[in-house]
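Engineer: Please see the structure below; I have some questions.
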Amino acid sequence: MKCDELEAEQWLDYSGEPMPCYPKAKADAAIAELKDEINRKEGVGQRWFERCMEARIENVKLKRALWLARAELCHRLDVDRYLRKHINSWYNENCLTWDEACVAMEVKMCKAENKCLKKAEEY
């Protein structure tokens, strides 16, 4: 860097004592170089911040899409088919008729759908 290469010239002050002095042109060039370095580092920091913010926004969009997809799944779920496939023993253990089990499962799915929609609204 130019500031590392600066060499002081010895001048005499009014009392005759030697005093270090730097030529104006060389000092100005070194200062300009340091200012450019500061601006470059600030630019890198700004770009890094912008990338972080873009990634955060993208993350929020993806989370919202995930919760909406979950809500859609709860909405579309064929309760009767789901009960036949996964919960045949559930309604027998709870002494429910098939219709009661279907209604109970629909209520659970509606609650789950509402929870997913509320979570999606947060994002």
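Engineer: Has the stretch 18-25 got any residue that is in a helix (DSSP H, G or I) and in contact with a helix residue (DSSP H, G or I) (Cβ under 8 Å, 6 or more places away or on another chain)? First the steps, then the outcome.
Structural biologist: Looking only at the stretch 18-25, we keep the residues that are in a helix (DSSP H, G or I), and these are 24-25.
Cutting the leftovers down to in contact with a helix residue (DSSP H, G or I) (Cβ under 8 Å, 6 or more places away or on another chain) gives us none.
Checking the stretch 18-25: not a single residue is in a helix (DSSP H, G or I) and in contact with a helix residue (DSSP H, G or I) (Cβ under 8 Å, 6 or more places away or on another chain).
Engineer: For the condition over 30 Å from K115 (Cα atoms) and either modelled with pLDDT of 85 or more or under 30 Å from the mean Cα position of the chain (by Cα) (or both), what is the one hit in G16, G45? If you could, list the steps in order and put the result at the bottom.
Structural biologist: On the way: G16 fails: either modelled with pLDDT of 85 or more or under 30 Å from the mean Cα position of the chain (by Cα) (or both).
Only one candidate qualifies: G45.
Engineer: Give all pairs with beta carbons closer than 6 Å in which a residue from the stretch 106-121 that is of a type in the set (D, E) meets a residue that is buried (at least 16 other Cβ atoms within 10 Å of the Cβ) and in a helix (DSSP H, G or I); count only pairs at least 6 apart in sequence or on separate chains.
Structural biologist: These pairs meet every condition: E106/V79; E113/A71; E113/C74.
Engineer: Going residue by residue through the stretch 72-79, is there one that turns out to be in a helix (DSSP H, G or I) and either β-branched (V, I, T) or modelled with pLDDT under 65 (or both)? Break it down into steps so the answer makes sense when it comes.
Structural biologist: First pass over the stretch 72-79, keeping only residues in a helix (DSSP H, G or I): 72-76, 79.
Going one step further and asking which of them are either β-branched (V, I, T) or modelled with pLDDT under 65 (or both), we end up with 79.
Yes, there is a match, as at least one residue in the stretch 72-79 is in a helix (DSSP H, G or I) and either β-branched (V, I, T) or modelled with pLDDT under 65 (or both).
Engineer: Related question: Of the residues that sit in the stretch 107-123 and are surrounded by 14 or more Cβ atoms within 10 Å (Cβ to Cβ) and in a helix (DSSP H, G or I), which one is modelled with the lowest pLDDT?
Structural biologist: Here is the first cut: in the stretch 107-123, the ones surrounded by 14 or more Cβ atoms within 10 Å (Cβ to Cβ) are 109, 112-113, 115-117, 119-120, 123.
With the extra rule that they be in a helix (DSSP H, G or I), the set shrinks to 109, 112-113, 115-117, 119-120.
Details: M109: 73, A112: 79, E113: 78, K115: 82, C116: 81, L117: 81, K119: 83, A120: 82.
Per the criteria, the residue is M109.
Engineer: Restricting attention to the stretch 58-69, does a residue exist that is exposed (fewer than 13 other Cβ atoms within 10 Å of the Cβ), farther than 22 Å from K115 by Cβ and modelled with pLDDT of 80 or more? Lay out the reasoning, then the answer.
Structural biologist: Our first condition is that a residue be exposed (fewer than 13 other Cβ atoms within 10 Å of the Cβ); within the stretch 58-69, this holds for 58-62, 65, 69.
Filter again for farther than 22 Å from K115 by Cβ, leaving 58.
Applying the additional criterion that residues be modelled with pLDDT of 80 or more yields 58.
Within the stretch 58-69, one or more residues are exposed (fewer than 13 other Cβ atoms within 10 Å of the Cβ), farther than 22 Å from K115 by Cβ and modelled with pLDDT of 80 or more.
Engineer: Looking for whichever is loosely packed, with under 12 Cβ neighbours inside 10 Å, part of a helix (DSSP H, G or I) and charged (D, E, K, R) here; the options are E37, E50, E33. Which one fits?
Structural biologist: Values: E37 fails: loosely packed, with under 12 Cβ neighbours inside 10 Å; E33 fails: loosely packed, with under 12 Cβ neighbours inside 10 Å.
Testing whether each residue is loosely packed, with under 12 Cβ neighbours inside 10 Å, part of a helix (DSSP H, G or I) and charged (D, E, K, R) leaves just E50.
The values are calculated or read from the model by the stated rules, or taken from the named source; none is laboratory data. Quick caveat: nothing in here was measured; it's all calculated off a predicted structure. Cβ coordinates were reconstructed from backbone atoms using ideal geometry, including for glycine residues, and neighbour counts include every protein chain displayed.
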